[in-house]
Protein chains: 2
Amino acid sequence: MTNHIRETYKDSAGLLRVISHPVRLAILEILEANNEMCVCHLEAILGYRQAYLSQHLMCLRENELVSDRREGRNVYYRMKEKGVIPIIKETKKCTSTKKIDFQAIDCNCPECESKISKQEKSDQHRGKKING
Amino acid sequence: MTNHIRETYKDSAGLLRVISHPVRLAILEILEANNEMCVCHLEAILGYRQAYLSQHLMCLRENELVSDRREGRNVYYRMKEKGVIPIIKETKKCTSTKKIDFQAIDCNCPECESKISKQEKSDQHRGKKING
DNA sequence: TTTTCATATTCGTTATTACGAATATAATAA
DNA sequence: TTATTATATTCGTAATAACGAATATGAAAA
């Protein structure tokens, strides 16, 4: 019986183990909210060193929870296993974790550049200051 | 931002960590299916050493996922945080883990004794053999 | 009041994971 | 080419978790 049970719950336990880390949870939630996101963007939002994030991304990638796509020098990540979304949702419900509004802070990837310049224009109209 | 996020997901990650173990998952599923269960029963079902199970029960208890109640020499455990049930359900969905029918095998706790003797009676009527 | 039974706890070792630092690679620009 | 930028990987150490073995505790039986 013993090994039978171990075998049965091995995969589930493994999946839970992979997502049982605050940084990986944050990455997954960001990807859920943003469809696709480049690494520099994740860096800007989360404020962790690139190499550190990359390690967590590797973990998520190797466990097939996310997929990556290179475009020039940038690499874009997206959710691959959408099944984790309800797991995380139920978990947050259970721990009454509030929602975070993930906003990028200072990202220069092509996509952000265009967004920022758009933002700059509209902010200039209202006399706002950017980047500092 | 960094510590903010870490803090936010700390509890969720912690909860997931606690349930990210095959034996603890199995215990939780048994408790879900059986309302209340004594340790000897868990031993019989799972086939692990008592001390080993007790360690996992301690982990679940300390993290307030289960509660315990002593009755004579037996200790009965039950689910305390029902919120983990949907988490586990979604996880199993995600890993396509099949359902296990948890059946006790050879347990002598008072409750089982009475069940077994009832069972023996009805089985004797049908000429079945028990325990061997 | 000693023994027995059910269960819990502690301790030590091994295995696994986290994470910083350094380095590698892939794409583009100079 | 060489430099630069974005990202990945590897490596070492520290922290944590798993688990076996031994032992402790609490309740009841003898």
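What follows draws every value from the coordinates through simple rules; no lab data is involved. These numbers come from a predicted model, not from an experiment. Don't worry about glycine lacking a Cβ; one is built from the backbone with ideal geometry, like all the others, and counts go over all protein chains shown.
The table below gives the values:
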{"read-out": "Cα-Cα over 26 Å, subset of A:Lys92/B:Lys93; B:Lys10/B:Lys99; A:Lys80/B:Lys89; A:Lys89/B:Lys93; A:Lys99/B:Lys99", "value": "B:Lys10/B:Lys99; A:Lys99/B:Lys99"}
{"read-out": "Shortest-first nm distances, B:Tyr52 label point to equivalent points in other copies (7 Å, Cα→Cβ)", "value": "3.7"}
{"read-out": "Hypothetical label at B:Glu32: residues of the stretch B:41-81 whose amide nitrogen lies under 13 Å (7 Å Cα-Cβ projection)", "value": "B:79-81"}
{"read-out": "Length added when fully stretched, B:Arg61-B:Arg17, from 0.36 nm per residue minus Cα-Cα", "value": "14.4 nm"}
{"read-out": "Averaged over A:80-93, number of beta-carbon atoms from partner chains that fall within 10 Å", "value": "5"}
{"read-out": "Surrounding net charge for A:Asn63, when Lys and Arg each add one and Asp and Glu each subtract one, Cβ distance under 12 Å", "value": "0"}
